[in-house]
Amino acid sequence: MADITETSTGSATQAAAPTRPAKRIKWEAVGDHAILIAGALLMLVPVYMVFATSSWDAITIHRQGMQFGFGDQFGVNYDAALFEYGGFTDSVNGMTMLANSMILGLGFAIGKIIVGMMAAYAIVYFRLKFATLAFWMIFTTLLLPLEVRILPSYEVITWMNLGNTYTGLIVPLIASATATFFFRQYFRSIPEELIEAARIDGAGPVKFFIDILVPLSKTMIAAMFIIMFVFGWNQYLWPTLITTDESLFTLVRGIRQIIQSYADGSETPDYGQAAALAIIAMTPPVLIVVFFQSWFVKGLTESDK
Amino acid sequence: MAQVTLDKVRKVYPNGAEALEPSTFTIPDGELTVLVGPSGCGKSTMLRMVAGLETVTEGEISIGDRVVNDIDPADRNIAMVFQNYALYPHMTVERNMGYGLKNRGLPKSEINERVREAAEMLELTEFLTRRPSQLSGGQRQRVAMGRAIVRKPDLFLFDEPLSNLDAKLRNQMRIEIRALQRRLGTTAMYVTHDQVEAMTMADRIIVLNTGKIEQIGTPNEIYEHPASTFVASFMGAPPMNLLDGEAAQGRVTLTGGQVVPEAHVNGHAGGLIVGIRPEDVQPSPEGELGFDVDIVEELGAQRLLHGRVAGQAFSVAVPKDKAAAADTMRLSVKPGAVHLFDTDAGRRL
């Protein structure tokens, strides 16, 4: 210790500290990790099994159930799932359904964001009579999801002749209390002075919205986009109800439809293809979450403006 | 360039609170007028009414020869600098400064030229492509100034622009803002609660208290002839000593029983308040006032002695080279340094 000077004492002892004691096993850490690993396995094993199963032919799956190993039908199944025309009318393949799902997911997410932002803009920045009441009315619609009001909604859409159209598929789902609520909270945290500065700078309501508010909200928009896209992508009940034309089928629906259409006949249901389609259906939401993840966290937690 | 006139301007908020009593004054062209007062005195309300961010309940505001009551803030040809700068966080410095001009539909070349010119004036040229979050507090303040300058407004409005800066930077920016305003010759209204800022920057000071104008005058007038006990105690650090006293037969006697020299009562009789600034009295063996010292505060350049005169709290500022005093001393008062106020309203006699 003689050569350690006054000034270096602190850093020297700190540097020495990690090597000194033999590593002790921290049982809490082991326990934590065991729980996390178990949870992760619980989530991932089914996904893996679907993936593995998608590489087998239908007969094997029918006989032996889901598979853990990989078979040799990988290319065949995915090719069939994506490009083979099927369905009752032979007018739909995997690519069509992928496109339809994409349109539904994007239309749903973008529509909800636009409507939610504009509603929040009106509630937060304009002196409206009953603004609070309007907000709470929007908020209570959270208690009335589509499934509850599905019959009247169906009634309205068919009356408007919007059955079997993208409009009918997307528009009734667009009004969003969740997005309105999140954007409202976000807008309220933007400092008052910014609005005043913009007013003095000659930005009217529309300019302020587009030039200031939208760019400031971009992390929030990204977060909303992820949530809403995945939500829209996974819609099942409403598309089932409103589209009978097979060219408008979405992937989520198609998975069932494949099994259904074969099961109606006397053939073995093509489980391999269905599994492949399930994997295809899972991929875009996963990719979106992976790519937007950092924005997502920022949007929901960051308050630095 | 324009003068600003407020004619019986009054502000009552929807909940019935009167933020500003009817106020009338004129700010001459090219002058910097400071609105000063404690928080809640109505100074910010007044500024925001001139900016057009608050409605006017009664009265008329004119900028130049135009009544602006019903004119949109953007069309008043004003520029405002906010306390927290209010820069657009997602825009570069350049776009922050040019945004107002872009909205006015100026050609790009002219916007660029004006922004470059302002940036040079404020030494911001190398930061033009940065975002506000990448700048220090002082630099952000400059960008906010730049945004005001590029508009070539008739009137600058400053809403406590320096209160987010540290003390050293504040002193520096104070001088810069003053110099800039002088150079551009633009009329300016400046709101602050800091009396030092008010004294050092203003051509003219308006002292406000509880929604009422207490006094309008040059820094010198305000300091030398405060119109009320409020102004007397608000302007000046350390504040003026205010003592209870009584006038009889042309002489003023403190309530504790000492005769005040240099007091010109002008025929007033009865109770009054005597005001003496701490720097207007000096220890001297033949002084008229007896002073008991309790505490000595060392300020470096000077020394503050806190104690009592005739049993009432009293402070004295002495230069640093005078020796720290004993427990009791005599004080002499400078000629003309005794201010007298009435007891009820606190107005100057």
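At-a-glance table
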| quantity | calculated |
| --- | --- |
| Percent breakdown of C-alpha pair distances by 20 Å bin, ordered from the shortest bin, for the protein assembly as shown | 14, 29, 27, 19, 8, 2, 0 |
| Among A:230, A:30, A:252, residue whose mean-square fluctuation peaks in a GNM of chain A (springs only between Cα atoms under 10 Å) | A:30 |
| Residue exposure sequence - B:71, B:222 - by fewest surrounding Cβ within 10 Å | B:71, B:222 |
| Estimated [θ] at 222 nm from DSSP helical runs (n ≥ 4, -39500 (n - 2.57)) normalised by residues in chain B, nearest 500 | -7000 deg cm²/dmol |
| Angle in degrees between helix B:167-184 and the longest Cα principal axis of chain B, rounded to the nearest 10 | 60 |
| Ranked by how many other beta carbons lie within 10 Å on average, peptides A:105-112, B:239-246, A:140-147 from highest | A:105-112, B:239-246, A:140-147 |
| Highest-fluctuation residue, A:118, A:102, A:137 considered, GNM on chain A with Cα pairs under 10 Å | A:137 |
| Test item: Cα-centred dipole of region B:238-342, Lys/Arg +1 and Asp/Glu -1 on Cβ, debye | 140 |
| Inter-centroid distance (Cα atoms) of region B:51-104 relative to region B:296-349, Å | 45 |
| Rel. contact order, % - alpha carbon contacts under 8 angstrom, at least six apart, region B:238-342 | 32 |
| Residues B:24, A:132, A:250, sorted so that the one with the fewest Cβ neighbours within 10 Å comes first | A:132, B:24, A:250 |
| Per-residue average of Cβ from other chains inside 10 Å of B:102-115 | 1 |
| For chain A, calculated [θ]222 nm from helices alone, where every DSSP H run of n ≥ 4 adds -39500 (n - 2.57) | -21500 deg cm²/dmol |
| Approximate spin-label separation residue B:102-residue B:58, in nm, with each point projected 7 Å along Cα-to-Cβ | 4.4 |
| Listed residues B:238, B:278, B:107, most fluctuating in chain B (Gaussian network, C-alpha, under 10 Å) | B:107 |
| Top positive-direction residue, dipole computed over region B:4-232 with Cβ charges, set B:28, B:57, B:143 | B:143 |
| Dipole axis of the protein assembly as shown (+1 Lys, Arg; -1 Asp, Glu on Cβ), positive-most option in B:318, B:291, A:219 | A:219 |
| 20 Å reach of a label modelled at residue B:18, 7 Å along Cα-to-Cβ, counting backbone N of region B:41-58 | B:41-50, B:55-58 |
| Ranked list, fewest to most other Cβ atoms within 10 Å of each Cβ, for A:62, B:193 | A:62, B:193 |
| 0 to 90° range, to nearest 10: angle between helix B:137-149 axis and chain B longest Cα axis | 70 |
| Between helix B:108-121 and chain B: long-axis angle, C-alpha atoms, 0 to 90°, nearest 10 | 30 |
| Average other protein chain Cβ within 10 Å of Cβ, residues B:70-83 | 3 |
| Relative contact order %, chain A, counting alpha carbon pairs below 8 Å whose residues are six or more apart | 28 |
| Within 10 Å of each Cβ in B:191-200, the average number of Cβ atoms from other chains | 0 |
| Unit charges on C-beta of K, R, D, E only; dipole of the protein assembly as shown, Debye | 380 |
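Rule-based calculations on the coordinates, nothing more; no lab input. Given the structure is predicted, the values throughout are model-derived calculations rather than measurements. So basically every Cβ, Gly included, is an ideal-geometry build from the backbone, and we count neighbours across all protein chains shown.
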